Amino acid sequence: MKEDTRLTCKGRDPASNHGIINPPVYHASTVIFPTVQELRNYEQHKIRYGRSGTPTSFALEELVCDLEGGYGAKLTPSGLNAIATALLCYTAAGDHILLADSVYHPTKGFCADVLSRFNIEITYYDPLIGGDIKQLIKPNTKLIFTESPGSLTFEVQDIPAIAEAAHARDCIVMLDNTWSAGVYFKPFAHGVDVSIQAATKYIGGHADAMMGVIIANQQHWPVLEKGHRRLGVCAAPDDIYLTLRGARSLKVRLAQHQKNALELAHWLSTRPEVARIIHPALPGCPGHDIWRRDFTGSSGLFSIVLNPYDRKKTDAMLNSLKLFAMGYSWGGYESLIVPFNPKATREHIDWPDKGQALRIHAGLEDIEDLKADLEAGFGHL
Ligand SMILES: *Cc1c(COP(=O)(O)O)cnc(C)c1O
């Protein structure tokens, strides 16, 4: 079956549920066993304790695993927890890991404040390094963490080249695939071993549930399965249900996010207030050629840099916007905007701009309303 069909069919089985379309929300801690013999066979039961999974969690795992093209999937209570859990599963004291300098900032925080306490050495690399990453691989390098495109600055990484260098030295390639939602980039077809997503963003898609997913290929599945169990990680049933419900419309929503973001980006590129656009699908974005080669589409998140204006004016512009609300996160149905300063959090970045950088999430509103809102805001500049 094609992907649109699978997104409507995976993770549900009406025949086992009174003919009801959607799987029920199982709230569970204790699971009871009718006989002492069955109790003794605890490990053999797929459903044995709330934390180890219910038909509700299995449903979302089945759907995201299929979407990303992996072998097995696990859920976590947030996207950041998916990153933390995955890193804890695959690393040990004395290991060295390579982390793209462009990653979601809290990923760096986890590595710096938690992994480093376990004597794990971290090196940040230029996200545009490609196959030259082989020069940074040391005998104890265990894992290369990628995020493509990068948070805020949207560098598209050459994942196949990084994977080739990594696998030649027995390193695991991990990807934060949140931007593509698993729709526009298929990680396992490009050499990724373990993919994670903040399903809080596009998969859930309605700004109402926190959820993380970790998907592994066959080779790396047993370690994930066991590590996730040992860490006691589990996601909440109502949030799983909301995420599964959001996933049914993922592709139609993304198509509209894509369309609105591209139209906005093209329009912004004609505005005298805007110095440059950083959108993976537009030339001028670092790694745009790789995006063309490896991705099948673009989502709703991109950045722009304004010409240099007095801070008071850009603040007045942001405060005046009616449809572009300010808030961290993205992937919901609504438009968002946040100012950022990449130099504050980066080791490797060429950022000559003096103007304010803004990250924009194009929501599902009418494009003319979105343009009018920004145009009125630009009046303050
Ligand atoms: C939001 C985000 C996360 C973290 O997800 P939460 O569900 O908010 O914990 C991780 N990676 C990226 C790229 C994100 O944008």
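Residue ranking by accessible heavy-atom surface, 1.4 Å probe, largest first, among His18, His190, His348 comes out as His18, His348, His190. Would you tell me the accessible area of Cys111, worked out with a 1.4 angstrom probe on the heavy atoms of the protein chains, in Å² to the nearest 10? Cys111 exposes around 0 Å² with every protein chain in place. For Tyr71, the solvent-accessible surface computed with a 1.4 Å probe is close to 120 Å², ligands and nucleic acids excluded.
A full extension of the chain between Asp208 and Lys343 corresponds to an added length of 45.5 nm, given 0.36 nm per residue minus the alpha carbon distance. Using the Cβ-Cβ distance between Tyr49 and Met326 with R0 set to 35 Å, the FRET efficiency works out to roughly 0.25. When you count the other C-beta atoms within 10 angstrom of each residue and take the mean per peptide, 90-103, 317-330 line up highest first as 90-103, 317-330. Extending 7 Å from Cα along the Cβ direction at Asp315 and again at Thr8 yields two label points whose distance is 5.1 nm. Approximating the spin labels as points 7 Å out from Cα along Cα→Cβ, the Ala168-to-Arg293 distance works out to 1.5 nm. The fraction of Cα-Cα pairs per 20 angstrom bin, counted from 0 for the chain, comes to 28, 55, 16, 1 percent, rounded to whole percents.
Across the range 1-140, the mean sequence separation of Cα contacts (distance under 8 Å, 6 or more residues apart), normalised by length, yields a relative contact order of 18 percent. Percent relative contact order of the range 58-144, based on C-alpha pairs within less than 8 angstrom and at least six residues apart? RCO, the range 58-144: 32 percent. Can you list the trypsin sites (Lys or Arg not before Pro) in the range 1-97 that are in a DSSP coil and have 12 or fewer other beta carbons within 10 angstrom? In loop regions of the range 1-97 (DSSP not H, G, I, E or B), the sparsely surrounded trypsin sites (Lys or Arg not before Pro) are Lys2, Lys46. Computed over the chain, relative contact order equals 16 percent, with contacts defined as Cα pairs under 8 Å that lie 6+ residues apart. Pairs exceeding a 30 Å alpha-carbon distance, out of Lys46/Lys108; Lys74/Lys108; Lys142/Lys186; Lys259/Lys322; Lys251/Lys371; Lys313/Lys371: Lys46/Lys108. Name all residues of the range 237-260 having a backbone nitrogen under 12 Å from the label point set 7 Å from the Cα of Ile367 along its Cα→Cβ direction, giving them as ranges. Only 256-260 pass the distance filter. Segment Gln256..Asp353, full-extension length gain: 31.9 nm, with 0.36 nm per residue of separation and the alpha-carbon distance subtracted. Couplings for the range 336-342, taken from phi via the Karplus curve 6.51 cos²θ - 1.76 cosθ + 1.60 with θ = phi - 60°, read 9, 8, 9, x, 8, 10, x Hz in order; Gly and Pro are left as x. For the chain, the per residue solvent-accessible surface stands at 44 Å², with DNA, RNA and ligands left out and a 1.4 Å probe.
The Cα center of the range 185-210 and the Cα center of the range 273-348 differ in position by 20 Å. The modelled label-to-label distance for the pair Arg40/Arg230, using points 7 Å beyond Cα in the direction of Cβ, is 2.8 nm.
The share of accessible area on the chain that comes from carbon and sulfur is 53 percent, using a 1.4 angstrom probe. With a/c under 1.5 counting as rounded, go ahead and sort the range 186-251 into rounded, prolate or oblate using the C-alpha gyration tensor (a ≥ b ≥ c being the square roots of the eigenvalues; past the cut-off, prolate if a/b is larger than b/c, else oblate). Oblate shape, in that a/c is at least 1.5 and b/c is the bigger or equal ratio. Sorted largest first by accessible area at a 1.4 angstrom probe radius, with every protein chain in place, the residues Arg292, Arg253 fall in the order Arg292, Arg253. Membrane-span-like helices of the chain, defined as complete DSSP H segments with a Cα extent of 18 Å or more along the helix axis and a mean Kyte hydropathy of at least -1.0, are identified as 55-68, 250-268.
The values are calculated or read from the model by the stated rules, or taken from the named source; none is laboratory data. A quick note: this is a predicted structure, and the numbers were derived from the prediction, not measured. Positions of Cβ are backbone-derived with ideal geometry, glycine not excepted, and every protein chain shown enters the neighbour counts. Protein only, heavy atoms only, side chains kept; ligands, DNA and RNA dropped before computing areas. Shrake-Rupley method; radii C 1.70, N 1.55, O 1.52, S 1.80 Å.
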